[in-house]
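Here's the structure, in structure tokens; my notes come after.
The values are calculated or read from the model by the stated rules, or taken from the named source; none is laboratory data. Just so we're clear, the structure is a prediction, and the values are computed from it rather than from any experiment. Glycine also receives a Cβ, built like all others from the backbone with ideal geometry; neighbour counts cover every protein chain displayed.
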Amino acid sequence: MKLEGVYTALVTPFNDDGSVDEQSLRDLVDFQIEQGISGLVPVGTTGESPTLDHKEHSRVIEIVIEQTAKRVPVIAGTGSNSTAEAITLTKNAKDAGADLSLQVAPYYNKPSQEGFYRHFMAIADAVDMPMVVYNIPGRSGKNIENSTMLKLAQHPNVVAVKEASGSIPQVMDLVLNKPDDFVILSGDDNLGLPMIACGGRGIISVASNIIPAEMEELVRNANAGNFERARELHYQLLPFFKALFMDTNPIPVKYGCHLMGMMKEVYRLPLCEMSAEDKKSFEEIIKKTGIL
């Protein structure tokens, strides 16, 4: 499977009572595919995975797979800071028909580099399914060093990294030394263009929940070497990228989805809505960029 383009880190819509809004989720999947998205990533951080129980977690993945109906690949978020839990969730996702899994760096317990290596290898050995490793030091508290990533890339099931360290030098070093078939995807909309310029192939995107076609156009031009057009789009959308992180993700993007009539503005504690002042600022930014 060729990993290239934009893969939306899907939000999880909720009903007023806090339950998963299955119809809005299905509608979101259809909207994404109609707009030309390359793939979908349910139940990552943007999908509020920390507050979904195991049954809900697996159910959201099942819904996305059902609604996608093989039209685009599904990269199921099945990571955990418990290796045994990650293996169970990954097995469930494979049984449901997911194409790949997304495995976040274990958070809070902050393993050593050897611990990272053993964690991901245990999952890769236990479940014969392509894996995308997710490096996000801002949430996990530890960076997966390139020496560890390169060891992981030797496993046939470890096919890509969602790289969100924020370090372009780290990305360049990884591009220089990685196997030819190992794919680098940006985990940050802000850095998608520079990472592709350095050798990445796409973005696992928060912004594409709202603007999938625009994100695909940006990445398609960058991958084709048309950097003048890609750069134009990047700077046009940059204020929106920044606005998506004016509060903790996925609060702003979910509010944007709500403004577009795609879902209710419902979160699960400890996440909650933005302040009235931040909402006003967010609305002004997306109006200026032509999104709303």
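Within the range 50-72, does at least one residue satisfy the condition of being within 17 Å of the chain's Cα centre (by Cα) and either among the aromatic types (Phe, Trp, Tyr) or under 18 Å from Val133 (Cβ atoms) (or both)?
For the range 50-72, residues within 17 Å of the chain's Cα centre (by Cα) and either among the aromatic types (Phe, Trp, Tyr) or under 18 Å from Val133 (Cβ atoms) (or both): absent.
Please go through the range 57-72 and pick out each residue that is charged (D, E, K, R) and surrounded by fewer than 16 Cβ atoms within 10 Å (Cβ to Cβ). Spell out how you get there, then give the answer.
We begin by selecting, within the range 57-72, every residue charged (D, E, K, R); these are 59, 62, 66, 70-71.
Selection gives Glu66, Lys70, Arg71.
Look through the range 218-244, keep the residues that are touching a residue at least 40 places away in the same chain (Cβ under 8 Å) and among the aromatic types (Phe, Trp, Tyr), and return whichever of them is surrounded by the most Cβ atoms within 10 Å (Cβ to Cβ).
Result: Phe240.
Could you list, in sequence order, all residues of the range 87-145 that are at pLDDT below 95 and among the aromatic types (Phe, Trp, Tyr)?
Across the range 87-145, the qualifying residues are Tyr107, Tyr108.
I'd like the residue in the range 161-205 that is in contact with a Ser or Thr (Cβ under 9 Å, 6 or more places away or on another chain) and among the β-branched types (Val, Ile, Thr) and, out of all such residues, is farthest from Ala230 (Cα to Cα).
Selected residue: Val171.
Out of the residues in the range 89-105 that are in contact (Cβ under 8 Å) with a residue 12 or more places away in the chain and surrounded by fewer than 22 Cβ atoms within 10 Å (Cβ to Cβ), which is nearest to Ala69 (Cα to Cα)? Before you say what the answer is, go through the steps one by one.
Just the residues of the range 89-105 that are in contact (Cβ under 8 Å) with a residue 12 or more places away in the chain, to begin with: 89-94, 96-105.
Now restrict to residues that are surrounded by fewer than 22 Cβ atoms within 10 Å (Cβ to Cβ): 91-92, 94, 96-97, 99.
Details: Lys91: 19, Asn92: 17, Lys94: 15, Ala96: 12, Gly97: 10, Asp99: 12 Å.
It comes out as Gly97.
Answer with yes or no whether Lys254 is surrounded by 17 or more Cβ atoms within 10 Å (Cβ to Cβ) and in a helix (DSSP H, G or I). Explain how you work it out, then say what you get.
Numbers: surrounded by 17 or more Cβ atoms within 10 Å (Cβ to Cβ): yes; in a helix (DSSP H, G or I): yes.
Criteria met by Lys254.
Can you tell me which of Val158, Val175 is modelled with pLDDT of 95 or more, surrounded by fewer than 18 Cβ atoms within 10 Å (Cβ to Cβ) and among the aliphatic types (A, V, I, L, M)?
Details: Val158 fails: surrounded by fewer than 18 Cβ atoms within 10 Å (Cβ to Cβ).
Answer to the selection: Val175.
Which pairs have Cβ atoms under 9 Å, sit 6 or more apart or on different chains, and link a residue in the range 195-217 that is farther than 22 Å from Thr12 by Cβ to one that is among the basic types (Lys, Arg) and part of a strand (DSSP E or B)?
As it stands, the answer is none, since no pair meets every condition given.
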